[in-house]
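Down below is the structure, laid out as C-alpha cells.
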Amino acid sequence: FDKRIQTLDIQSSRIPTEEKKELVIDLYNKWRVRNFSQFFKTTLGLRARAEQLLREKTNDALRAEIGRRRLNDVVSTERDSIMERVSKEVSVSAQTLGIEVVDARVVMIELPRE
C-alpha cells in the first residue's frame with residue numbers, strides 16, 4: 001500500500017443551510033493509510049473504495065456542520081471553524097478505515113445558478 005499523502009477532491013456537493021438555502025461546495029481531503037491491516041479489512045486494499053468511503057464521511061460531516069448555520073455565517077465568519085470541526089470529525093471516523101486525515105479544506109463556496 002502507498003503510505004504517502006493522497007489528495008481526494010470532492011466536487012460540487014449541494015448542501016442546505018439552517019434556513020434551507022443551498023450552497024454548492026467543493027472541497028478536498030489530504031489523507032494517508034495509517035493502519036495497513038485495518039485498511040485492507042475495510043477496503044480490500046482498493047484505493048477507490050477507500051476514497052468513496054472517505055467521500056461519504058466527509059460529506060456527512062460537512063452537511064451536519066453547514067446545516068446548523070445560517071448562510072451568512074458559512075460564507076464569512078465561521079468558515080475556518082466549520083472546516084476545523086469537519087476535519088476533526090472525519091479524522092476520527094476515518095480511523096475505522098485505517099486512514100489518517102491530514103487536512104480538509106473548502107476550495108469554493110457558491111450559490112446554485114438558479
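Overview of results
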| item | result |
| --- | --- |
| Where Val92 falls short, out of the listed (1) of a type outside the set (D, E, K, R); (2) touching a residue at least 12 places away in the same chain (Cβ under 8 Å); (3) on the phi < 0 side of the Ramachandran plot | (2) |
| Residue within segment 29-52 that is small (Gly, Ala, Ser), at pLDDT below 90 and within 17 Å of the chain's Cα centre (by Cα) present | no |
| Output for segment 1-44, where each listed residue is closer than 17 Å to Gln95 by Cβ, among the hydroxyl-bearing types (Ser, Thr, Tyr) and exposed (fewer than 15 other Cβ atoms within 10 Å of the Cβ) | Ser37 |
| Check on Leu62, closer than 22 Å to Glu110 by Cβ, under 11 Å from the mean Cα position of the chain (by Cα) and of a type in the set (A, V, I, L, M, F, W, C) | yes |
| Counted residues, segment 60-114 - those being touching a helix residue (DSSP H, G or I) at 6+ places or on another chain (Cβ under 9 Å) and among the polar types (S, T, N, Q) | 5 |
| Residue count for segment 64-114, restricted to those that are open to solvent by 40 Å² or more (accessible area, probe 1.4 Å), within 30 Å of Gly45 (Cα to Cα) and among the β-branched types (Val, Ile, Thr) | 4 |
| Pair list, Cβ under 8 Å, 6 or more apart: segment 45-57 residue of a type in the set (Asp, Glu) and open to solvent by less than 90 Å² (accessible area, probe 1.4 Å), other residue at pLDDT 95 or above and outside any helix (DSSP H, G or I) | none |
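The values are calculated or read from the model by the stated rules, or taken from the named source; none is laboratory data. The model shown is predicted, which means the values in this text are computed figures rather than measured ones. Don't worry about glycine lacking a Cβ; one is built from the backbone with ideal geometry, like all the others, and counts go over all protein chains shown. Just the protein is used for accessible areas: all its heavy atoms, side chains included, with ligands, DNA and RNA removed. Shrake-Rupley method; radii C 1.70, N 1.55, O 1.52, S 1.80 Å.
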